[in-house]
Structures are given as C-alpha cells and as structure tokens.
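The values are calculated or read from the model by the stated rules, or taken from the named source; none is laboratory data. Nothing here was measured: the structure is a model prediction, and the numbers come from that model. For neighbour counting, all protein chains shown are included, and Cβ atoms are generated from backbone atoms with ideal geometry for every residue, glycine included.
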C-alpha cells in the first residue's frame, strides 16, 4: 500500500521541484481565476522563477505568475508527477471536498 505524501504550500516548494496541485484553500473567485489560467486540482506544476513577492509557475507549456499570497493558498504534493493526465487517489493525500473560504 503506497504512503500518502505530505502537503506543502506552493510558496514553500523548492525551485524546479515537480509537484501536483492538490488543494486550493480559497474562495470561489480565486478558484475560478485559477481555473481560467489552467490551474486545477491534479495539475502538474513547478516553480521556474522567484521574483520579489511573486512566483512564476510552469504548468505544461504555460507560464503563470502568482503572488505569494495566492501561492500560500495553493497546497501541493512535492516530487510527484501524474502518470497520465489522471491523478489517482493513491498518490494524493485525502482532502476535503469543500472549498475553504479565506478570512
């Protein structure tokens, strides 16, 4: 039985470490904005650049800039890449089904 990996904030992810986006701990508006940019649960990503208070992410062929405030709300499993485009429950830790509203 595979062990589940530990969740890490995206802002704490080391440079060029592959990861899978597991949880977006934010409200609906930010979740919708991230979905429009192509970031959703199960997306493979990595940090390609740190600039001041922001990060540049690579997700597939796309490059997406986010601030550290947003990066703190994105939780990933480091060192993981999806086998296909589907992420199995065995490789990800259990998450809540509801969206956590930012205070």
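Quick notes on this one:
- Residue match in the range 73-96 (condition: part of a loop (DSSP other than H, G, I, E, B), surrounded by 13 or more Cβ atoms within 10 Å (Cβ to Cβ) and at pLDDT 95 or above): yes
- Out of 35, 7, one residue alone is modelled with pLDDT under 95 and within 19 Å of residue 79 (Cα to Cα). It is 7.
- Pair list, Cβ < 9 Å and 6+ apart or interchain, from the range 8-21 residues that are without any contact (Cβ under 8 Å) to a residue 60 or more places away in the chain to residues that are surrounded by 20 or more Cβ atoms within 10 Å (Cβ to Cβ) and assigned to a loop (DSSP other than H, G, I, E, B): 21/39; 21/43
- The set of residues from the range 30-64 being assigned to a strand (DSSP E or B), free of Cβ contacts under 8 Å to residues at least 24 places away in the same chain and touching a helix residue (DSSP H, G or I) at 6+ places or on another chain (Cβ under 7 Å) comprises just one member, 54.
- Taken over the range 10-36, the criterion of being exposed (fewer than 15 other Cβ atoms within 10 Å of the Cβ) and on the phi < 0 side of the Ramachandran plot is satisfied by 12, 14, 15, 17, 27, 28, 29, 32, 33, 35, 36.
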